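Chemist: Here you go, one structure.
Just so you know, all these numbers are worked out from the coordinates, no wet-lab data involved. Predicted model only: the values in this text are computed from it and were never measured. Ideal geometry is used to build each Cβ from the backbone, glycine not excepted, and the neighbour counts take in all protein chains shown.
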Amino acid sequence: MTTKLSSVGEVISGHTFRGAIPHDKDGNYAVVQAKNINKDGTIDNNDLERTIIEKMRSKGTVQDGDVLLSNRGTFRSAVYRGDDTNVIVASSLYILRVQQSDLLPEYLMVFLNSPLGQQHLGILNRGTIIQSIPRQSLLSLDVPVPTIKKQHTAISIYQNYHSRIALYERKTDLHEQVANHALSLLLTHS
């Protein structure tokens, strides 16, 4: 079954800052930006910029299970996991709040990051130099919604793949360290 994104949840625009986000380590809000979305669909909550916002005018406050999608440049998504109530997204992100029990947020993230999802997002692109997706266009995105069992399978495959990539990158780093150390020993003790 395929359905429009507008029928499975809400698309919320992020908070607009006037210029750069003013950093304040004691700020009352943490801000998720597009740069905080990792390639594996995760967000490092400990690496978020903090700022002070006197009066919140946006609905861009994040909830546990929200799918965050970058709306400019590289269209990458992640699922926010956390219980902090003072986390917002910058205007470079959309919050996709799934409101149907037959669609798992993690599955939506997997779909959006997949080659098929990226192809669909590319079609919605309205930018010429910098890619961008207007909110109204995103609402019309067709999302395949398989059974919950198949969604869990897709999530497992995605997570397994990215775990293997992380292990491979770690292994490569270790090989490089060993090689550099061996070269250093050879070159300094000749």
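Chemist: Grab the other residues whose beta carbon is less than 14 angstrom from that of Q136, score K and R as +1, D and E as -1, and report the net. Can you show the working numbers first?
Modeler: Details: positive: K4, R126, R135; negative: E10.
Spelling it out: positives minus negatives among the neighbours equals +2.
Chemist: With the dipole of the chain worked out from charges on the C-beta (+1 for Lys and Arg, -1 for Asp and Glu) around the Cα centre, which of L174, V145, A30 lies farthest toward the positive end?
Modeler: Among L174, V145, A30, the one farthest towards the positive end of the dipole of the chain is V145.
Chemist: When the helices in the chain are scored as -39500 (n - 2.57) per DSSP H run of 4 or longer and the sum is shared across all residues, what 222 nm value do you end up with, to the nearest 500 deg cm²/dmol?
Modeler: Numbers: 4 runs with 65 residues, N = 190.
Taking each H run of at least 4 residues, the total per residue is -11500 deg cm²/dmol.
Chemist: Is there a quick way to get the dipole size of the chain? I mean about its Cα centre, with the Cβ of Lys and Arg at +1 and of Asp and Glu at -1; what is the value in debye to the nearest 20? Before the final figure, lay out each step's value.
Modeler: Values: 20 positive and 18 negative charges, 112 e Å.
Once rounded to the nearest 20, the dipole reads 540 debye.
Chemist: Here is a further query. Considering the options T61, A20, G122, tell which one lies farthest towards the positive end of the dipole of the chain, charges being +1 on Lys and Arg and -1 on Asp and Glu at the Cβ, about the Cα centre.
Modeler: G122
Chemist: Roughly how far apart, in whole Å, are the Cα centres of region 135-179 and region 16-42?
Modeler: What the calculation gives is 23 Å, centre to centre.
Chemist: Just to be sure I understand the model, the point goes 7 Å from the Cα along the line to the Cβ. What's the resulting I148 to T85 distance in nm?
Modeler: According to this spin-label approximation, the distance is 2.9 nm.
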